[in-house]
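The values are calculated or read from the model by the stated rules, or taken from the named source; none is laboratory data. All figures in this text were calculated on a predicted structure; none of them were measured in a lab. Quick reminder, even Gly has a Cβ in these numbers, built from the backbone with ideal geometry, and neighbours come from all protein chains shown.
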Amino acid sequence: MPMPFATQTLLWAFLYFCRIGAMLMVFPGYSTMRIPVLVRLMLAIGVTAALTPILLQAEGAMPPPLEPPPGTLLTLVWAELLKGLALGLMGRMFFLAFEFLATALTQFIGMGNFPGMPAEGQEPVPALVSLIMITATVLVFATGLHMQALSAVVESYAVSPVGVPGDVGGHLRDLTDRLSRATFLSLQAIAPFMVYAVVVNLAIGLVNRMTPQIPAYFISLPLIMIGGLFLLFFVVDEMFGVFIAGFADWLVNG
């Protein structure tokens, strides 16, 4: 049975917008600087409008039938913003860790000095890092994980409905756990390049030691780059597969 429109419904829709909009503001893909701010705002409003009827009728998500005073309303707004930012930052931790180790990957194969465009933020990164991060973002949308993120927001209202104060300590612990999990996942994804870097640099060191009159480092740099690109060609599917599988496991199971 449809719920009649009222001022109270609009008020709680605004509170839902605070959590959903805060999550979209920092969640990977939705928060990229390549999307204009107005488009992101309209997207957050549209998603909130679509989810509000579901949230109002969901068990555990129905707000109390009282109009809160201004002080209480301000507290509710800050609590919802905190919850939304915590959800979005947990997802962003995976991409920040992956971007950090992708930058290390470019150093391992000798391509870290090639400038490129920013991947997600405003800081320029090597061109290969931009390619890796854009590909990972596209895979999130291509595999439907962006919809799973919205489903996670809806499920968060059953755990922490509107009116329940945000647990700052709990959010910080969750962020720390997700950062640890994301770093370990990213290390798994680029592990072949770490092994490659150790083996190649050890071989170059031995050559340089045996023939010190030859500048082995400068001669071997193009070979290191070629070997790294060949390795990337063979393991790129598994690298993105490991990362996307871990990211999807977090979205589904928390």
For this session: For the range 106-118, indicate whether the set of residues that are touching a residue at least 12 places away in the same chain (Cβ under 8 Å), polar (S, T, N, Q), under 30 Å from residue 200 (Cβ atoms) and touching a Leu at 6+ places or on another chain (Cβ under 9 Å) is non-empty.
Result: yes
For this session: Identify the residue in the range 124-171 that is among the β-branched types (Val, Ile, Thr) and at pLDDT below 75 and, among all such residues, is nearest to residue 55 (Cα to Cα).
Result: 164
Exercise. Where in the range 144-254 are there helices (runs of 4 or more DSSP H), lying fully within it, with 3 or more residues that are under 30 Å from residue 77 (Cβ atoms) and small (Gly, Ala, Ser)?
Worked result: 145-159, 168-210
